[in-house]
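Heads up: the structure comes next, in structure tokens.
The values are calculated or read from the model by the stated rules, or taken from the named source; none is laboratory data. This is a predicted model, so every value here is computed, not measured. Neighbour counts are summed over all protein chains in view; Cβ atoms, including those assigned to glycine, are modelled from backbone coordinates with ideal geometry. Surface accessibility is based on the protein's heavy atoms, side chains included, excluding ligands, DNA and RNA. Shrake-Rupley method; radii C 1.70, N 1.55, O 1.52, S 1.80 Å.
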Amino acid sequence: MIIINFWLIQLIGLLAWLFLGISYYRKNTDRILAFQVIANVLFCLHYLLLGAYSGLVICSFELVRDYAYYKTDKDNYIFIGSVLVYIICSIITFTTILDVFPYFASTLDGFFLTKKKTVVVIGAIITYVLWCIYDLYVKSYSGAITDVIIIVSNLFILLFQIDIFKGKRISRISSRKIKLEKRF
């Protein structure tokens, strides 16, 4: 692989991660999935060019799986079917134990995508740790860097979703409103 191709491959991976990162700031699971479908198209190209076939197979199947989640309400059937596909594909593409990480991460991701937004965000933290390890293994440095960014970003999302923080923010806003009402 020549140097220019290496940087182009990393750029494609970075664009994929940009769409994925934006997806977690959407307000509902359908919007999350729509952005993830776009991200997965870019990921497929990224892993294909790297020669990382476990990543390519997972991203290709996630593209289909996420689209099915987005377009139907058969989440449990889709999840069960995807687990079977992952088992078969992991056997076919297995060369080292690290090749199994994306399959395990994707299985967890598929499970979490059937839940509410907060659970999706928590699950993303777990799955991106596994993807980060795999990305370092296959030299997807843009992927590994952005895995870490997504993990940190999702931690911040969780902090703002916790009721304790919402309660403090609401009470400050309410006390300001009461002070303003007293003035008039």
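Key figures for this structure:
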{"item": "Of all accessible heavy-atom area on the stretch 1-90, the percent that carbon and sulfur account for (1.4 Å)", "result": "72"}
{"item": "Inter-centroid distance (Cα atoms) of the stretch 72-103 relative to the stretch 37-56, Å", "result": "16"}
{"item": "Charge tally in the Cβ shell below 15 Å around residue 53, where Lys, Arg are +1 and Asp, Glu are -1, residue 53 excluded", "result": "-2"}
{"item": "Residue-level accessible surface for residue 129, protein heavy atoms, 1.4 Å, Å²", "result": "70"}
{"item": "Alpha carbon convex hull of the stretch 1-95, volume per residue in cubic angstrom", "result": "81"}
{"item": "Mean separation of Cα contacts under 8 Å, 6 or more apart, over the residue count of the stretch 1-114: relative contact order %", "result": "22"}
{"item": "Residues of the stretch 1-105: accessible area per residue with a 1.4 Å probe, Å²", "result": "56"}
